[in-house]
(Lines give C-alpha, C1' and ligand atoms only; values in the text may rest on other atoms or scores of the structure.)
Protein backbone atom coordinates (compact mmCIF):
# COMPACT_ATOMS: atom_id res chain seq x y z
CA UNK A 1 0.00 0.00 0.00
CA UNK A 2 1.21 3.52 -0.81
CA UNK A 3 2.62 5.66 1.99
CA UNK A 4 -0.15 8.15 2.80
CA UNK A 5 1.72 9.96 5.58
CA UNK A 6 1.21 13.71 5.20
CA UNK A 7 4.22 16.02 5.46
CA UNK A 8 4.26 19.75 6.04
CA UNK A 9 5.64 21.95 3.28
CA UNK A 10 8.88 22.28 5.26
CA UNK A 11 9.18 18.51 5.70
CA UNK A 12 8.39 17.89 2.02
CA UNK A 13 10.95 20.48 0.97
CA UNK A 14 13.59 18.81 3.10
CA UNK A 15 12.59 15.40 1.66
CA UNK A 16 13.13 16.75 -1.89
CA UNK A 17 16.15 18.88 -0.95
CA UNK A 18 14.33 22.06 -2.01
CA UNK A 19 13.28 25.19 -0.21
CA UNK A 20 9.73 25.56 1.15
CA UNK A 21 9.43 28.71 -0.99
CA UNK A 22 10.06 26.63 -4.12
CA UNK A 23 7.25 24.24 -3.21
CA UNK A 24 4.96 27.18 -2.41
CA UNK A 25 5.68 28.69 -5.81
CA UNK A 26 5.06 25.40 -7.60
CA UNK A 27 1.78 24.97 -5.70
CA UNK A 28 0.53 28.46 -6.56
CA UNK A 29 1.43 28.21 -10.26
CA UNK A 30 0.77 24.51 -10.80
CA UNK A 31 4.29 24.12 -12.12
CA UNK A 32 5.43 20.49 -12.49
CA UNK A 33 2.03 19.22 -11.31
CA UNK A 34 3.30 18.17 -7.88
CA UNK A 35 0.26 16.92 -6.02
CA UNK A 36 -0.57 18.24 -2.56
CA UNK A 37 -3.46 18.10 -0.14
CA UNK A 38 -5.09 21.38 0.83
CA UNK A 39 -6.34 21.44 4.44
CA UNK A 40 -7.77 24.88 5.06
CA UNK A 41 -4.87 27.26 4.49
CA UNK A 42 -2.30 24.51 4.86
CA UNK A 43 -0.69 22.42 2.13
CA UNK A 44 0.37 18.88 2.95
CA UNK A 45 2.29 16.45 0.78
CA UNK A 46 1.93 12.66 0.68
CA UNK A 47 5.23 10.81 0.75
CA UNK A 48 3.91 8.53 -2.00
CA UNK A 49 3.20 11.59 -4.21
CA UNK A 50 6.70 12.93 -3.58
CA UNK A 51 8.20 9.56 -4.50
CA UNK A 52 6.12 9.42 -7.71
CA UNK A 53 7.20 12.98 -8.55
CA UNK A 54 10.88 12.04 -8.21
CA UNK A 55 10.43 8.77 -10.12
CA UNK A 56 8.72 10.55 -13.02
CA UNK A 57 11.73 12.84 -13.34
CA UNK A 58 14.39 10.16 -13.06
CA UNK A 59 16.46 9.80 -16.24
CA UNK A 60 18.49 6.82 -17.39
CA UNK A 61 21.79 8.68 -17.55
CA UNK A 62 22.23 8.73 -21.32
CA UNK A 63 23.95 11.86 -22.56
CA UNK A 64 21.65 14.54 -23.89
CA UNK A 65 21.71 15.23 -27.60
CA UNK A 66 24.22 17.91 -28.36
CA UNK A 67 22.68 21.08 -29.66
CA UNK A 68 23.60 21.91 -33.23
CA UNK A 69 22.69 25.52 -32.70
CA UNK A 70 25.57 27.92 -33.18
CA UNK A 71 26.21 31.04 -31.16
CA UNK A 72 25.15 34.41 -32.66
CA UNK A 73 28.81 35.34 -33.22
CA UNK A 74 29.48 32.17 -35.22
CA UNK A 75 26.27 32.65 -37.25
CA UNK A 76 27.21 36.26 -38.09
CA UNK A 77 30.71 35.23 -39.12
CA UNK A 78 29.37 32.41 -41.31
CA UNK A 79 26.83 34.74 -42.94
CA UNK A 80 29.51 37.36 -43.54
CA UNK A 81 31.81 34.79 -45.16
CA UNK A 82 29.00 33.55 -47.42
CA UNK A 83 28.55 37.12 -48.63
CA UNK A 84 32.28 37.46 -49.26
CA UNK A 85 32.90 40.07 -46.56
CA UNK A 86 34.75 38.04 -43.97
CA UNK A 87 38.42 37.46 -43.50
CA UNK A 88 38.93 33.70 -43.74
CA UNK A 89 42.15 33.92 -41.70
CA UNK A 90 40.28 34.85 -38.48
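The values are calculated or read from the model by the stated rules, or taken from the named source; none is laboratory data. Keep in mind the model is a prediction, meaning the values are calculated, not measured. Cβ placement follows ideal geometry from the backbone for every residue including glycine, while neighbour counts extend to all protein chains displayed.
Please find, within the range 18-32, the residue that is surrounded by the most Cβ atoms within 10 Å (Cβ to Cβ) out of those that are under 18 Å from residue 56 (Cα atoms) and free of Cβ contacts under 8 Å to residues at least 12 places away in the same chain.
At the first step, the residues of the range 18-32 found to be under 18 Å from residue 56 (Cα atoms) are 18, 23, 26-27, 30-32.
Retained after the next criterion (residues that are free of Cβ contacts under 8 Å to residues at least 12 places away in the same chain): 18, 26, 30-31.
Numbers: 18: 12, 26: 16, 30: 8, 31: 10.
Selected residue: 26.
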Selection within the range 1-48 - touching a helix residue (DSSP H, G or I) at 6+ places or on another chain (Cβ under 7 Å) and assigned to a strand (DSSP E or B)
7, 43, 45
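Output the residues belonging to the range 1-10 that are surrounded by 13 or more Cβ atoms within 10 Å (Cβ to Cβ) and either more than 18 Å from residue 51 (Cβ to Cβ) or under 20 Å from the mean Cα position of the chain (by Cα) (or both). Spell out the reasoning first.
As a first pass, look at the range 1-10 and keep what is surrounded by 13 or more Cβ atoms within 10 Å (Cβ to Cβ): 6-9.
Listed by number, the list holds a single entry, 9.
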Kindly evaluate residue 41 against the criterion of being modelled with pLDDT under 90 and surrounded by fewer than 10 Cβ atoms within 10 Å (Cβ to Cβ).
no
